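Input: a single structure, listed below in structure tokens.
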Amino acid sequence: MEGVWKVRGGEVSSPLRWGWQRLAQRFAAPQGKGNILKRSKDYGAIFLDLFETIVLFDSGQLPPLRVDGREIRSTLPYLYDVLRRSLPLEERRLLPTLPRFGSTMLALHEELFQRKRVSFREIPSTERFARLLERLGIPDRDGLSRQLAEEHIRHLLSCTHFPYRGELETLARRYPLALVSNFDHAAGGWALLERLGIRRFFRSVSFSGEVGYIKPHPGIFQKSLEEVEVAPQSVLFVGDTPEADIEGARALGMETCWIARRGRAFPEGY
């Protein structure tokens, strides 16, 4: 799959249409006669975002649901079934209809998303579902919020695919690699890496659900910088989100490489 890559810093500054194969050729081959794709500099490490950078997500595999006048693809029907199965009969009356349940969940998600954009503090997935239960007036007993979080992540991760194994192996042979991901369910992230067989490629893995901060906060980048023992000025960061990945990495002095999915244009001001 092709993406639009933009490297800020050094000699490369204009948008280039590169896929993962081209990226691996450019940055993994030794400098010199054998590498016709000259780099602006050599790097001490390459740091990578996870979702929509090396692991892709296909929401079309999730069931459709009409919420607030629009159709979405979501894990919400699965979560609703968990509640219907788990709640005692007298508490099932607290459950709204599935569309109203979806509306409540989406409103909470947006509220927490905006809060995180200000504080850059992660809110773990289990806490998010505990707040959902509180908003619905449903007691969080017997680990119900944890069950919801695990059901959500199980179905979410079943919709992922990883087309870049060869390219990742190529990069890992030449560079120390680190993974830096805004992912609020760290256990699910670790399980995904093990299932894909790619944990071994990374000298450092930083999930926001464990670190407590989300990109662009420097804390989540700093963890991997310390574990890889590399200065930010010698790191290339590759990611798909301008604010979290590009702005956050550049603020620490890293060079950055942006990948656009689905024909997105790079926004002004970065």
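The values are calculated or read from the model by the stated rules, or taken from the named source; none is laboratory data. Everything quoted here is computed from the prediction, not taken from an experiment. Quick reminder, even Gly has a Cβ in these numbers, built from the backbone with ideal geometry, and neighbours come from all protein chains shown.
Annotations
- If you check 125, 119 for being surrounded by fewer than 16 Cβ atoms within 10 Å (Cβ to Cβ), closer than 19 Å to residue 208 by Cα and not assigned by TED's automatic domain parsing to the domain that holds residue 50, only one passes: 119.
- Residue in the stretch 180-187 that is in the same structural domain as residue 42 (by TED's automatic domain parsing) and over 17 Å from the mean Cα position of the chain (by Cα) present: no
- Screening residue 193 against (1) more than 30 Å from residue 42 (Cβ to Cβ); (2) in a helix (DSSP H, G or I); (3) of a type outside the set (Ser, Thr, Tyr) leaves a single unmet condition, (1).
- Boolean, residue 227 is out of contact with any Phe, Trp or Tyr (no Cβ under 7 Å at 6 or more places or on another chain) and acidic (Asp, Glu): yes
- Scanning the stretch 158-176 for residues that are assigned to a helix (DSSP H, G or I) and surrounded by 17 or more Cβ atoms within 10 Å (Cβ to Cβ) returns 167, 168, 170, 171, 172.
- Close contacts from the stretch 173-195, counting a first residue that is under 21 Å from residue 130 (Cβ atoms) and a second that is part of a strand (DSSP E or B) and not charged (D, E, K, R), with Cβ to Cβ under 8 Å and a gap of 6+ residues or different chains, come to 183/51; 183/207; 186/207; 189/181; 189/205; 189/207.
- Selection from the stretch 113-135 of residues that are out of contact with any strand residue (DSSP E or B) (no Cβ under 7 Å at 6 or more places or on another chain) and among the aromatic types (Phe, Trp, Tyr): 113, 129
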